[in-house]
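Here is the structure we will look at.
Readers should treat all values here as calculations from the given coordinates under stated rules, not as data from a laboratory. Just so it is clear, the structure is predicted and the values come from calculations on it, not from any experiment. Note that we place each Cβ from the backbone using ideal geometry, even for glycine, and neighbour counts take in every protein chain shown.
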Amino acid sequence: MSSWWNSSRAIYGAELRAGALCLVDHGWPVVPGSCLDSVPAFEEGVAAASCDPARVGQWWSEAPYSVLLATGDALDVIEVPAWMGRRMASTLREVGLVAPLVATPTGRWCFPVSPGGGQLTEQVAAADAKWHGKGSWVIAPPSECADGLVHWRVHPSVCGWRLPDAELVHSAAAEAARWRAATTPAAAAAPEGADDRLVAQRPAGVASGMRS
């Protein structure tokens, strides 16, 4: 049992290292996070983030850290609840845009976007959305958290690792917030968090098509 467990964790550690290196190979800076946590593992915090493959490879050779994607320089991230992310992805596809998309087992969806965007509108922020910019970070695949694995619903390779315009993705979030407000009575009839749990448990899928 111990041998199987050690072998399994070693394989997972190699997957984490490969995932981190894949991000930095495309200019997306990462920093190790505490195991089963989304907090930077080093005293310097997110300031320690790097795109140096040698340094990143060494970090993940030392321990099976979770992979944290540092925001504010190469990219920002718009993090939303799953119901909003589902609506946003549909809206973006309608205008011919397939965006990279991360999902967590706790029902949070993260859209990597071009850096330097503005703040969320009040209505979007009130819908439990967050804009991660300078000094922030999000947990990235294939990290494990207490409730399961973080995964790509749309891998960046589908879009050629191109980042969507932040304002376009924010506009999709604003449309989703307006839609939710207009359908509040229907949404209130469902158990709290039902949409998020349904989407979080759905197998990872990769949409087709892209826009430069």
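Return H155, H26, H132, H170 ranked ascending by Cβ neighbour count within 10 Å, so the fewest neighbours appear first. Don't skip to the end; give the middle numbers.
Numbers: H155 17, H26 12, H132 20, H170 23.
Ranking H155, H26, H132, H170 by Cβ neighbours within 10 Å, fewest first, gives H26, H155, H132, H170.
About its Cα centre, how strong a charge dipole does segment 2-201 have in debye, to the nearest 20, once Lys and Arg get +1 and Asp and Glu get -1 at the Cβ? Before the final figure, lay out each step's value.
On the way: 14 positive and 21 negative charges, 88 e Å.
With Lys and Arg at +1 and Asp and Glu at -1, about 420 debye.
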* Structure fact -> Proxy exposure order for S38, S143 (fewest C-beta within 10 Å first) is S38, S143
* To do: For segment 2-201, state what percent of all Cα-Cα pairs lands in each successive 10 Å bin, counting from 0 Å until the bin that includes the largest distance.
  => 9, 35, 34, 16, 5, 0
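Count the DSSP beta bridges whose two residues both fall in segment 2-201, then state the antiparallel fraction as a percent rounded to the nearest 5. Present the calculation step by step, with values, prior to reporting the outcome.
Details: 26 of 26 bridges.
The antiparallel fraction comes to roughly 100 percent.
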* Asked: Could you give the distance between the Cα centres of segment 139-172 and segment 8-74, to the whole Å?
  -> 16
* Does segment 94-172 come out rounded, prolate or oblate by the C-alpha gyration tensor, with a ≥ b ≥ c the root eigenvalues, rounded set by a/c under 1.5 and, if not, prolate when a/b is larger than b/c and oblate if not? -> oblate
